[in-house]
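Trainee: This is the structure I want to talk about, given as structure tokens.
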Amino acid sequence: MAVHPDGRECVLSVNPDTLAERLVHCVPRDKNLLQVNTTRDGISMLLADGGEQSTYDECKSRWWLDRGGDPRQLNPDAGCTIWEGIVIDGWEVTAALDPTQVPLHDYSRAVAVRGDRRVDLGPILSSTLVACGEHVYWLTEDYELDAHWQEVRRWRPGTDRVETVLHQADEHGRRPPACTQGVFSTSHTAYKNAEPTAQHTRYLDNP
């Protein structure tokens, strides 16, 4: 992200070989660009009303920018509670804050929509949704019991089933998963007697 000379916040792309920068899109002055997420199909932007001083507590909206088009809003029915939002293989995957947890921002509920098809992906930890390879990945945990376990789950666009990739009974952590050059990674903290003992990072090279 960068700031335009006229004060607007903008998204830039950088060529990794030449480090040449290209201006992709600038948001209106009355919006604050909170997050930028990417998939192989385009760029997702989380915006907050109120300009550069606005925060995650303001009314939010998700906008999608494909490789050649104008931005369009994702899941406008979610209103101000929208959080995640990407498009992959024609599917819109979005997540809105759990209304039972507001004003906390920790938990969302995700859904994938394409035309008349709709797949409920269930609860997720906010800001952990990432597209990698042929799947969408996220973290989840049992926040009602506040138990020290966490799962990595994934969904392949077009299917009706969510898979659990990793379940750790005594581990949890807030570091979001990552996808780097086609390799998925996730980190968790191990606990013993409620005290952290180790940090574990795991990789999946065929996501």
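The values are calculated or read from the model by the stated rules, or taken from the named source; none is laboratory data. Everything quoted here is computed from the prediction, not taken from an experiment. Note that we place each Cβ from the backbone using ideal geometry, even for glycine, and neighbour counts take in every protein chain shown. Surface accessibility is based on the protein's heavy atoms, side chains included, excluding ligands, DNA and RNA. Shrake-Rupley method; radii C 1.70, N 1.55, O 1.52, S 1.80 Å.
Trainee: I'd like the full set of residues that are modelled with pLDDT of 90 or more, under 16 Å from the mean Cα position of the chain (by Cα) and aliphatic (A, V, I, L, M), limited to segment 144-185.
Mentor: Val152
Trainee: Looking at (1) open to solvent by 30 Å² or more (accessible area, probe 1.4 Å); (2) more than 22 Å from Ala131 (Cβ to Cβ); (3) under 19 Å from the mean Cα position of the chain (by Cα), which is the one condition that is false for Ala48?
Mentor: (1)
Trainee: Could you check segment 9-40 and list, in sequence order, the residues that are out of contact with any Ser or Thr (no Cβ under 9 Å at 6 or more places or on another chain), surrounded by 17 or more Cβ atoms within 10 Å (Cβ to Cβ) and not aliphatic (A, V, I, L, M)?
Mentor: Passing the criteria: Glu9, His25, Cys26, Thr39.
Trainee: What are the pairs, 6+ residues apart or on separate chains, where a residue within segment 93-117 that is part of a strand (DSSP E or B) has its Cβ under 7 Å from a residue that is open to solvent by 80 Å² or more (accessible area, probe 1.4 Å)?
Mentor: Listed by first residue and then by second, the contacts come to Ala95/Arg109; Ala96/Arg109; Val111/Arg118; Val111/Asp120.
Trainee: Continuing with the same structure: For residues that are open to solvent by less than 60 Å² (accessible area, probe 1.4 Å) and not aliphatic (A, V, I, L, M), tally how many sit in segment 70-105. Explain how you work it out, then say what you get.
Mentor: Taking segment 70-105 as the starting set, the residues that turn out to be open to solvent by less than 60 Å² (accessible area, probe 1.4 Å) are 71, 74-75, 78-79, 81-88, 90-98, 101, 105.
Filter again for not aliphatic (A, V, I, L, M), leaving 71, 75, 79, 81, 83-85, 90-92, 94, 98, 101, 105.
Going through segment 70-105 one residue at a time, the tally reaches 14.
Trainee: Right, something else. Check every one of the strands (runs of 3 or more DSSP E) wholly within segment 1-89 and list those with 1 or more residues that are modelled with pLDDT of 90 or more and of a type in the set (Gly, Ala, Ser). Walk me through how you get there before you give the answer.
Mentor: Numbers: elements: 9-14, 21-26, 31-39, 42-49, 60-66, 72-74, 82-88.
Filter on segment 1-89 gives 42-49, 60-66, 82-88.
Trainee: Moving on. Out of (1) open to solvent by less than 30 Å² (accessible area, probe 1.4 Å); (2) at pLDDT 90 or above, what's the single condition that is false for Glu134?
Mentor: Just one mismatch for Glu134, condition (1).
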